[in-house]
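A short write-up of the structure that comes next.
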Amino acid sequence: MRGIVQGVGFRPFVYSNASRRALHGRVLNNAAGVLIDLEGDASEIDHFVHELQSNPPPLASIESIERLADLVPLDYADFQILESDSVGRKSAAVSADVGTCDDCLRELFDRANRRYGYPFINCTNCGPRFTIVKRVPYDRKNTTMQSFEMCDACRAEYENPLDRRFHAEPTACEACGPCLHLLDREGRYFSGDAVATAAKLLTAGKILAIKGIGGFHLACDALSKEAVAELRGRKFREDKPFALMARSVEMIRAFCRISNNESALLESPARPIVLLERKRGNAIPRDVAPGVNTLGFMLPYAPLHYLLLEALNRPLVMTSGNISDEPICFRDDDANERLNGIADYFLVHDRPIHIRTDDSVVRSFNEREMVLRRSRGFAPAPIRTSFKFERSILACGAELKNTFCLARGHSAFVSHHIGDLENLETLRSFTEGIEHFKHLFDIDPDVVAYDLHPEYLSTKYALSLNNVSDKFAVQHHHAHVASCMADNQIDGEVIGVAFDGLGFGLDGKLWGGEFFVADFCDAERVVHLANVPLPGGAKAIREPWRLAAVYLQRALGNNFAELNLPFTRALDPARWTTLNSMIAARVNCPETSSMGRLFDAVSGLLTLRSSVNYEGQAAIELEGIAERVATGFYEFQIAGDAISAEPVVCKIVEDLLEDVPIGQISARFHLSVAHLIVNVAQKIREERHLNRVVLSGGVFQNMWLLERVTGLLRESHFDVFTHRRVPTNDGGISLGQAAVANARLGRGH
Ligand code: ZN
Ligand code: ZN
Ligand code: FE
């Protein structure tokens, strides 16, 4: 029998299974997966295959087992594991980083084990992968473990086919592997037990920079108001929610509601941050996540985390080791420099991180995983597509929350989260990341896809490439819809709804409230939110009061300022006069049809936010205050291909004047948007006989909206598709671009 399977940690499993059944033959990894040659008793071979299917090793993903019968017997005398076949494609080579497995955990806390308390314990089933790989093939000498010479005991395990650490490339122990150090700000080392001392410092309210798997975290006691406030202050008072880490699901239950699916997500090998609904009156200070109803918790994923949390027995803030929007630190010297004003102490180690990789963020939607930031634990595993990429494609993604994507065959290698392409450091991660992926997956793209926005750094990069034969500019919101289609493995024409922040439109205006009839090739813009001016351009994104004033003026005329509303009372007449003359003269006022900006406007109108300090904050806080049940909703007006929000704004003003609580107004507004989608989808269904609705864009990170709109659409018998494997925000754009470019190639442009 010969068969082909794929996965991590397969060969030792196959070896022991075959030996037990007295089967002879060979096993090796090759390009397509694992190749097994077996000879012996036919029923034993059946049992072997059955066990492979029913009880595979933890990290194996068996896509298919192909049995090749009727081969000439080679009369093997034994069973052997052969060295990997390094010729051919390497796509099976590098997996994502995996959280510490149960076997390693047991050893970590077993006093009798030689790796007791060793912060870098790992095995074939767990440990760092993607973050330490410098080159392929995936061998120790090609990782950042190259400088650590294995001791005899570790080498014996590494070479024993029956051992859990057979060819576990990062395997190590106290005697031969990386070690942990605790330093103060001046670079002075602490002697003694670094973990125990670090735990003491954290308990005393200190802030520590901790080097992990994909970068540095900033950590402090999550239950200490003072420590959390101090960390916020030192991070320049940014408002972005901090991520938290706790020892167990049970510990998290004290603070958050957790469904079965959510606990499974927390415990999954990727160990992502899971956004959970916070319980009322829980002990986590408000400052951890101001203005939102969720807390982002993760379980430990490195042995160091387990040791630290065991010593503390309380949750930690574990937020990215960076200053506001900069990328997280991952090199020791960089951390020393950039985090010195923030951290009191540094808990570091000498295993270099090769690729900066942020924690991933997911949430549970309809009892399924919905990925919001796809990074550590997921990347670089490919997104499988139902269609085939006939040529090798590089898609450069968007500007904010950038990812890129290299695609070939049925695989789209969507990169880890690169970040906002606004500074040199992230641009370098982007360009170096592309080179790294090209090498890891042996893809040399000759087609490149990019966003239509001429000013995106990713666009400029794409246009600068010389040795590619085709280039495709893809409209941002078409890419969103295509991304969601590829994510759900569907094809053909759909009703595409792209509700988003801002993206460059085909008419040069800024889109973001769009209804399309779309397939992978084309997107016909059927209806969209009416354009409004965005006074001050980027400034209007940071100051939602501007959008609120714009919408009020359009709905109620110039006299709106005389209304007796909290918003108008707070409005600075001089600033409004300036703004108004800018609008009248059309100076620095690009037009936009963005739904994200309408959420900003409503947030501003309810005086939740006059300015924001992270992207999407106004809309997130608007969702945060929304009551669970809306007792009514407002009607948008649809005239031709434009949707006017003015009647909605008028009704909100009426509600405000009647002292309807803002939490209820927010709920009504959310429900209005849900009903708008259903109404427009019904119209398109009547005209075009399409029944599939695809929802994509940053606005659908809003769970209040997403839950209601999917429910209402299903009640109206639509097939509804939302994101699962790639983010609905701009992190999913690269996949959509690749899909559109591929479809256009197939059509002959
Ligand atoms: Zn392990
Ligand atoms: Zn060792
Ligand atoms: Fe977008």
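The values are calculated or read from the model by the stated rules, or taken from the named source; none is laboratory data. In this text the structure is predicted, and so the values were computed from the model without any measurement. Virtual Cβ from ideal backbone geometry, glycine too; neighbours counted across all protein chains shown.
Brief remarks on what is shown
- If only residues of the range 301-325 that are assigned to a loop (DSSP other than H, G, I, E, B) and in contact with a strand residue (DSSP E or B) (Cβ under 6 Å, 6 or more places away or on another chain) are counted, the one that is modelled with the highest pLDDT is P315.
- Boolean, F130 is within 15 Å of ligand 2 (Cβ to nearest atom), assigned to a loop (DSSP other than H, G, I, E, B), surrounded by 15 or more Cβ atoms within 10 Å (Cβ to Cβ) and of a type in the set (A, V, I, L, M, F, W, C): no
Each row is one residue, and each column tells you yes or no for (1) surrounded by fewer than 24 Cβ atoms within 10 Å (Cβ to Cβ); (2) of a type in the set (K, R); (3) within 20 Å of G596 (Cβ to Cβ).
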position	(1), (2), (3)
S716	yes, no, no
V720	yes, no, no
G736	no, no, yes
R744	yes, yes, no
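- Search result, residues across the range 533-552 that are buried (at least 23 other Cβ atoms within 10 Å of the Cβ) and in contact with a Ser or Thr (Cβ under 7 Å, 6 or more places away or on another chain): L534, P544, W545
- Exactly one residue out of T171, T100 is in contact with a Lys or Arg (Cβ under 8 Å, 6 or more places away or on another chain) and either farther than 30 Å from N17 by Cα or within 13 Å of ligand 1 (Cβ to nearest atom) (or both), and it is T171.
- Here is the figure for the range 598-640: residues that are part of a loop (DSSP other than H, G, I, E, B), modelled with pLDDT of 95 or more and in contact with a strand residue (DSSP E or B) (Cβ under 9 Å, 6 or more places away or on another chain) total 1.
- Any hit, the range 180-191, residues being in the same structural domain as D221 (by TED's automatic domain parsing), more than 23 Å from R331 (Cβ to Cβ) and modelled with pLDDT of 95 or more: no
- Test: residue in the range 219-237 that is of a type in the set (A, V, I, L, M) and closer than 16 Å to C329 by Cα: yes
- Here is the figure for the range 146-160: residues that are in a loop (DSSP other than H, G, I, E, B) and either more than 23 Å from R106 (Cβ to Cβ) or within 16 Å of ligand 3 (Cβ to nearest atom) (or both) total 4.
- Filter pass, A555 being over 21 Å from L713 (Cα atoms), of a type in the set (A, V, I, L, M), within 16 Å of ligand 3 (Cβ to nearest atom) and surrounded by fewer than 21 Cβ atoms within 10 Å (Cβ to Cβ): no
- Pair list, Cβ under 8 Å, 6 or more apart: the range 644-673 residue of a type in the set (F, W, Y), other residue at pLDDT 95 or above and not in a loop (DSSP other than H, G, I, E, B): F669/V602; F669/L622; F669/V648; F669/I652
- Residue count for the range 684-702, restricted to those that are outside any strand (DSSP E or B) and either buried (at least 23 other Cβ atoms within 10 Å of the Cβ) or in contact with a strand residue (DSSP E or B) (Cβ under 8 Å, 6 or more places away or on another chain) (or both): 11
- Filtering R408, R384 for residues that are farther than 17 Å from C484 by Cα and either outside any loop (DSSP other than H, G, I, E, B) or assigned by TED's automatic domain parsing to the domain that holds F437 (or both) leaves a single hit, R408.
Residue-by-condition table, conditions (1) under 31 Å from the mean Cα position of the chain (by Cα); (2) in a strand (DSSP E or B); (3) more than 16 Å from ligand 3 (Cβ to nearest atom):
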{"residue": "L105", "(1), (2), (3)": "yes, no, yes"}
{"residue": "R114", "(1), (2), (3)": "no, no, yes"}
{"residue": "L162", "(1), (2), (3)": "no, no, yes"}
{"residue": "L182", "(1), (2), (3)": "yes, yes, yes"}
{"residue": "L201", "(1), (2), (3)": "no, no, yes"}
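- Subset tally (residues that are at pLDDT 70 or above and not polar (S, T, N, Q)) for the range 71-101: 17
- Hits in the range 411-424 (condition: touching a helix residue (DSSP H, G or I) at 6+ places or on another chain (Cβ under 9 Å) and in a strand (DSSP E or B)): A412, F413, V414, G419
- Unmet requirement for V660, which otherwise passes all of (1) closer than 22 Å to I625 by Cβ; (2) outside any loop (DSSP other than H, G, I, E, B); (3) of a type outside the set (S, T, Y): (2)
- Answer from I36, I45 - the residue that is in a helix (DSSP H, G or I), at pLDDT 70 or above and over 14 Å from P161 (Cα atoms): I45
- Residue match in the range 292-306 (condition: within 23 Å of C126 (Cα to Cα), in contact (Cβ under 8 Å) with a residue 24 or more places away in the chain, in contact with a helix residue (DSSP H, G or I) (Cβ under 8 Å, 6 or more places away or on another chain) and of a type in the set (S, T, Y)): yes
- Where a residue in the range 169-195 is without any contact (Cβ under 8 Å) to a residue 24 or more places away in the chain and its partner, wherever it lies, is within 16 Å of ligand 2 (Cβ to nearest atom), with Cβ under 9 Å and at least six apart: D193/G117
- Within the range 326-351, considering residues that are in a loop (DSSP other than H, G, I, E, B) and acidic (D, E), the one nearest to E422 (Cα to Cα): E326
- From the list T143, T124, T131, the lone residue that is among the polar types (S, T, N, Q) and touching a strand residue (DSSP E or B) at 6+ places or on another chain (Cβ under 6 Å) is T143.
- Counting only residues that are over 30 Å from V526 (Cβ atoms) and in a loop (DSSP other than H, G, I, E, B), the range 641-657 holds 0 of them.
- Subset of the range 442-488 that is out of contact with any Gly (no Cβ under 9 Å at 6 or more places or on another chain), among the polar types (S, T, N, Q) and not in a helix (DSSP H, G or I) - its residue that is farthest from E422 (Cα to Cα): N488
- Lone unmet requirement of (1) over 22 Å from the mean Cα position of the chain (by Cα); (2) within 30 Å of S458 (Cβ to Cβ); (3) surrounded by 19 or more Cβ atoms within 10 Å (Cβ to Cβ) for D334: (3)
- Output for the range 116-127, where each listed residue is more than 16 Å from ligand 2 (Cβ to nearest atom) and either out of contact with any helix residue (DSSP H, G or I) (no Cβ under 8 Å at 6 or more places or on another chain) or part of a loop (DSSP other than H, G, I, E, B) (or both): N125
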